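Take a look at the structure set out below.
The values are calculated or read from the model by the stated rules, or taken from the named source; none is laboratory data. Nothing here was measured: the structure is a model prediction, and the numbers come from that model. Here the Cβ positions follow ideal geometry from the backbone for every residue, glycine too, while neighbour counts run over all protein chains shown. Quick note on the areas: whole protein, heavy atoms, side chains included, nothing else; ligands and nucleic acids left out. Shrake-Rupley method; radii C 1.70, N 1.55, O 1.52, S 1.80 Å.
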Amino acid sequence: MSVDAYFERLDREKAIAPLARLVREWIRARAPRLAEGLAWGYPCYSGSDRICSIVPHKAHVNLQFFRGAELAGHIRMEGSGKALRHVKIYDGDDLDDGLAAILADAVALDRA
């Protein structure tokens, strides 16, 4: 399945689809060089390795960072695993400069 097909299906099945699409466009605008694909059934953005993914839930969208545990200092990050962390996005206002800094740091970490 392509990422476009994923979002087309999401549009039919989940009310959170417009927010998930907004997150997709936000990522693509801020990190246009990342490759877009599917991993574990969700849209995933990669450089040298996987950087982040969009995971829709009923009332929010998680923006998951695969190396989030290494992104120290970002207080919006949630989770307790060895690597994966996420930020919960409830509306477009959550796509702010703070989240842009997290994404930029994740991309820089991938390049290092």
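Among residues other than ASP49 with Cβ under 9 Å from its Cβ, the summed charge is +1 (Lys and Arg +1, Asp and Glu -1).
When Rg is the radius of gyration of the Cα atoms in the stretch 1-65 and Rh is its Kirkwood radius, what does Rg/Rh come to? Don't skip to the end; give the middle numbers.
Working: Rg = 11.0 Å, Rh = 11.8 Å.
The Rg/Rh ratio comes out at 0.93.
Surface composition of the chain: carbon and sulfur atoms hold 49% of the protein heavy-atom accessible area at a 1.4 Å probe. Calculated over the chain, the projected area of the Cα convex hull averaged across directions stands at 6.6 nm².
Loop-located trypsin sites (Lys or Arg not before Pro) in the stretch 1-39 (DSSP state not H, G, I, E or B) with no more than 15 neighbouring Cβ atoms inside 10 Å: LYS14, ARG33.
The 3J(HN,Hα) values that the Karplus relation (6.51, -1.76, 1.60; θ = phi - 60°) gives for the stretch 72-82 are, in residue order, 4, x, 9, 6, 7, 6, 10, x, 9, x, 5 Hz. Gly and Pro appear as x. Near ALA39, the amide H atoms lying under 5 Å from its own belong to CYS44; only residues 5 or more places off or on other chains count, and H is placed 1.01 Å from N. For the pair SER46 and HIS74, a Förster radius of 30 Å applied to the C-beta separation gives a FRET efficiency near 0.90, rounded to the nearest 0.05. Run through the stretch 1-61 and list the chymotrypsin sites (Phe, Trp or Tyr not before Pro) located in a DSSP loop whose Cβ has at most 16 other Cβ atoms within 10 Å. The qualifying sites are TRP40. Using the Karplus relation 6.51 cos²θ - 1.76 cosθ + 1.60 with θ = phi - 60°, the per-residue 3J(HN,Hα) values for the stretch 85-96 come to 9, 9, 10, 7, 10, 9, 7, x, 5, 6, 8, 10 Hz, with x marking Gly and Pro. Close amide H contacts of CYS52 (hydrogens built in the peptide plane, cut-off under 5 Å, sequence separation of 5 or more or a different chain): TYR45, PHE66. Placing +1 on the Cβ of every Lys and Arg and -1 on the Cβ of every Asp and Glu, with no other charges, gives the chain a dipole of roughly 280 debye about its Cα centre.
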